[in-house]
Structures are given as structure tokens and as C-alpha cells.
Amino acid sequence: MTDSSPAGTGTGTRSGSGAAPFVPPGADLAGLAAAAASCRGCDLADLPDTRTVFGEGNPHARLVLVGEQPGDIEDQRGRPFVGPAGKLLDRALADAGIDRAEAYVTNAVKHFRYRRSDGPRRIHQTPDARQITACRPWLAAELNRIRPLVVVLLGATAGQALLGPSFRVTKMRGRLLPGPPGSEAQLIATLHPSAVLRVDPVTRDEVYAGFVRDLQLAERTLAGMST
């Protein structure tokens, strides 16, 4: 593996310039994942009992789904979207006619940010702007390697990572948005699946149906690119 530690620092020293010094140029996805395991680009690397959870899926995917950060279960298993939100995402993708095995799933932030409760439970905390910015080079490297045609932004953190701090899901969801400069990708913003799980059970079916419609837009967009 290429040594991606910043010059003049040890692997245990945190970088002041985010993840960029840890990203090995020209690496494939496996090389990026291996390097990310030693990333010290932000303070989340200092949290005890956590690991880097990198993206996974088809390395030639036409569709990439970007979430916020790994949750507690994802952190324990070392894989993205394998907890309750991941199960809901799997169901929604199937209902939208999308095969998850053909897609690539990742997160804007690769560590689980949490606080301790009075007991052993770890309570999710939303990544802040510094952490999103620090981790962005990993997401950029994944997207540059895969070169997808459509990127689905699952929630506010994913949107802010690629479109800036002014991004709002409520204003931008459910429509095609231009990708970053130099990218051929189109972006589609929607809810994070965990947001669907949190809504009142009375309205959950309606919210879930809207989530599926957003994913169907991604499927139709890809289908249109094939014709």
C-alpha cells in the first residue's frame, strides 16, 4: 500500500489539511479503502472504538448513492448501509427497480460521529462542517474513480458535501441537478432513509412512497441514458 501519511507526520498524527494528504493518487477503490483505514484527517479519527467505513459496491457503477456517515451497526461491521436505514434503503431500491448490487453506496463522512449515553449506547451526532470538508477528498476520489452517471444524495450532509453549505433537501429534492464541474454526472437529492424511519408512523407510508419516487427518477434517468 502506498504510504499516504503527510510528510513530516507519523500515522498517529492528525492532519491539519483534512484527508487530502492521505489519499493515494491513482489508487483504485481497494487502494483507497486501504489508505482510508489510516486516515487522520479530522478529529473523528480520535474517537475510541471506531473505524473508517469506506464505500462498497460495483466499481463500474452507473449509480452511486451517498449518505451521511456510518451508524453504530455500520461502524461495528465495517460496511455502509447494513443497519435499519440500510434495510429500508434496500427495500426502496427494489421498489424503484434498482439492483443495489449494480450500484455503489458510500457516505460523505467515513467515521461514525457519536456521543456516549449514560449506558453503553452510542448516540448518533450529525457531522459538522469541518468534518464534512475534511472527509470530502475521499468522496471525490471515489466518484472520480467510478465516474457514475447519476449520484443520489441521501440527506443534507451528502448534499452539503457536494453542493456546499447552502444545500437544502426540502428545496432541491426530487429533481435533476448538475454535478460538480468536470463531471458528467447528474445529481438527485432525496431524504436519508433514516429520516423515513423517524417520521410519525401515521405518515410513514406516504413519506416512504415519496422516497421511492425520488429513486425512480434516478432509475428513469439511467434508462434514458441507455437509449
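The values are calculated or read from the model by the stated rules, or taken from the named source; none is laboratory data. Just so we're clear, the structure is a prediction, and the values are computed from it rather than from any experiment. We place every Cβ from the backbone using ideal geometry, glycine too, and count neighbours over all the protein chains shown. These area figures cover heavy atoms from the full protein model, side chains too; ligands, DNA and RNA do not enter into them. Shrake-Rupley method; radii C 1.70, N 1.55, O 1.52, S 1.80 Å.
Around Leu63, with a cut-off of 10 angstrom between Cβ atoms, what is the net charge of the other residues, counting Lys and Arg +1 and Asp and Glu -1?
Values: positive: Arg62, Arg100; negative: Asp99, Glu102, Glu219.
Surrounding charge for Leu63 is -1.
Say R0 is 41 Å: what FRET efficiency, to the nearest 0.05, do Arg198 and Asp46 get from their beta-carbon distance? All intermediate terms of the calculation are to be shown ahead of the outcome.
On the way: r = 28 Å, r/R0 = 0.69.
Taking R0 as 41 Å, the efficiency between Arg198 and Asp46 is 0.90.
Run the accessible area of region 87-227 with a 1.4 Å probe and give the carbon-and-sulfur part as a rounded percent. Could you put the intermediate results ahead of the total?
On the way: 3680 of 7060 Å².
In region 87-227, the share of accessible area belonging to carbon and sulfur is 52 percent.
Once you charge only the Cβ atoms, +1 for Lys and Arg and -1 for Asp and Glu, what is the size of the charge dipole of region 31-225 about its Cα centre, to the nearest 20 debye?
On the way: 26 positive and 21 negative charges, 59 e Å.
In debye, rounded to 20, region 31-225 gives about 280.
Probe of 1.4 angstrom, ligands and nucleic acids ignored: what's the accessible area per residue over region 31-225, in square angstrom?
Values: 8950 Å² over 195 residues.
Accessible area per residue: 46 Å².
Its DSSP H runs of at least 4 residues, each contributing -39,500 (n - 2.57), put the calculated 222 nm mean residue ellipticity of the chain at -11500 deg cm²/dmol, to the nearest 500. The overall shape of the chain, judged from the alpha-carbon gyration tensor, is oblate: a/c is not under 1.5, and a/b is no greater than b/c.
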